[in-house]
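**Student:** Take this structure, written in structure tokens, and hold onto it; I'll ask about it next.
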Amino acid sequence: VNVEGCIFCKILSKDIPSETVYEHGNVFAFLDNRPINRGHTLIIHKHHHEDIFDTPEEDLKEMMVAAKHISIAVRMAMKADGINIGMNNKPAAGQAVMHAHLHVIPRFEKDGLKHWPGKNYSPEELKIDAELIKKEL
Ligand code: AMP
Ligand code: ZN
């Protein structure tokens with residue numbers, strides 16, 4: 001599927017160049033061209049979906065299984081101390097490219113990146129939130 005104007009679909013069709021690292025079935029992975037650290041890899045499904053909300057479970061499974069294989073390879077290749085797996089969904093969450101993708105980000109003890117800032121909420125507030133979420137499941 002080549003959705004009009006989608007840069008990741010254009011990468012799939014080779015209309016935009018990329019550094020491919022993996023292709024297996026309907027899953028494709030390539031280097032982020034503005035990496036957080038060297039080896040930062042993006043994993044996409046060949047079917048164009050926007051984000052986690054409209055991606056079928058089967059396609060998500062294939063992406064996540066690929067994330068495991070690629071994490072192992074990136075960790076070895078970059079001699080990384082750790083790996084972050086990330087997925088930004090919707091612009092409010094930082095999604096810039098609207099073709100669902102997983103980030104595999106090599107991390108190093110002294111790479112200077114910070115954990116996201118957690119805030120303090122009371123046990124009562126956490127309980128309320130858990131109940132609200134469970135009602136939707
Ligand atoms: P997100 O904010 O999760 O949508 O991330 C989009 C990512 O795609 C960013 O990390 C960009 O650096 C990366 N990116 C954008 N265009 C390209 C491209 N042509 N080739 C490789 N990576 C890209
Ligand atoms: Zn696309």
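The values are calculated or read from the model by the stated rules, or taken from the named source; none is laboratory data. From a predicted model like this one, the values you see are computed outputs, not experimental measurements. Cβ placement follows ideal geometry from the backbone for every residue including glycine, while neighbour counts extend to all protein chains displayed. Note: areas computed on protein heavy atoms with side chains; ligands, DNA, RNA excluded. Shrake-Rupley method; radii C 1.70, N 1.55, O 1.52, S 1.80 Å.
**Student:** Going through the range 5-39 one residue at a time, which ones are aliphatic (A, V, I, L, M), open to solvent by less than 60 Å² (accessible area, probe 1.4 Å) and touching a strand residue (DSSP E or B) at 6+ places or on another chain (Cβ under 7 Å)?
**Tutor:** 11, 12, 27, 29
**Student:** Go through the range 99-137 and report how many residues are within 23 Å of residue 65 (Cβ to Cβ) and in a loop (DSSP other than H, G, I, E, B).
**Tutor:** So the count comes out to 2.
**Student:** Then there's this: Determine whether residue 51 is loosely packed, with under 15 Cβ neighbours inside 10 Å, acidic (Asp, Glu) and either assigned to a loop (DSSP other than H, G, I, E, B) or away from ligand 2 (no atom under 16 Å from the Cβ) (or both).
**Tutor:** Judged against the criteria, residue 51 is not a match.
**Student:** Among 18, 13, which is the only one that is polar (S, T, N, Q), within 14 Å of ligand 2 (Cβ to nearest atom), without any contact (Cβ under 8 Å) to a residue 12 or more places away in the chain and more than 23 Å from residue 111 (Cα to Cα)?
**Tutor:** Selected residue: 13, the only one of 18, 13 that is polar (S, T, N, Q), within 14 Å of ligand 2 (Cβ to nearest atom), without any contact (Cβ under 8 Å) to a residue 12 or more places away in the chain and more than 23 Å from residue 111 (Cα to Cα).
**Student:** Select, from 60, 42, the only residue that is assigned to a strand (DSSP E or B), open to solvent by less than 100 Å² (accessible area, probe 1.4 Å), closer than 23 Å to residue 5 by Cα and modelled with pLDDT of 95 or more.
**Tutor:** Being assigned to a strand (DSSP E or B), open to solvent by less than 100 Å² (accessible area, probe 1.4 Å), closer than 23 Å to residue 5 by Cα and modelled with pLDDT of 95 or more holds for just one of 60, 42, which is 42.
**Student:** Right, another one. Checking residue 85 against (1) closer than 27 Å to residue 137 by Cβ; (2) touching a strand residue (DSSP E or B) at 6+ places or on another chain (Cβ under 7 Å); (3) open to solvent by 50 Å² or more (accessible area, probe 1.4 Å); (4) within 14 Å of ligand 2 (Cβ to nearest atom), which test does it fail?
**Tutor:** Residue 85 satisfies all of (1) closer than 27 Å to residue 137 by Cβ; (2) touching a strand residue (DSSP E or B) at 6+ places or on another chain (Cβ under 7 Å); (3) open to solvent by 50 Å² or more (accessible area, probe 1.4 Å); (4) within 14 Å of ligand 2 (Cβ to nearest atom) except (4).
**Student:** Within the range 90-134, count every residue that is within 16 Å of residue 45 (Cα to Cα) and surrounded by fewer than 15 Cβ atoms within 10 Å (Cβ to Cβ).
**Tutor:** Of the residues in the range 90-134, 1 are within 16 Å of residue 45 (Cα to Cα) and surrounded by fewer than 15 Cβ atoms within 10 Å (Cβ to Cβ).
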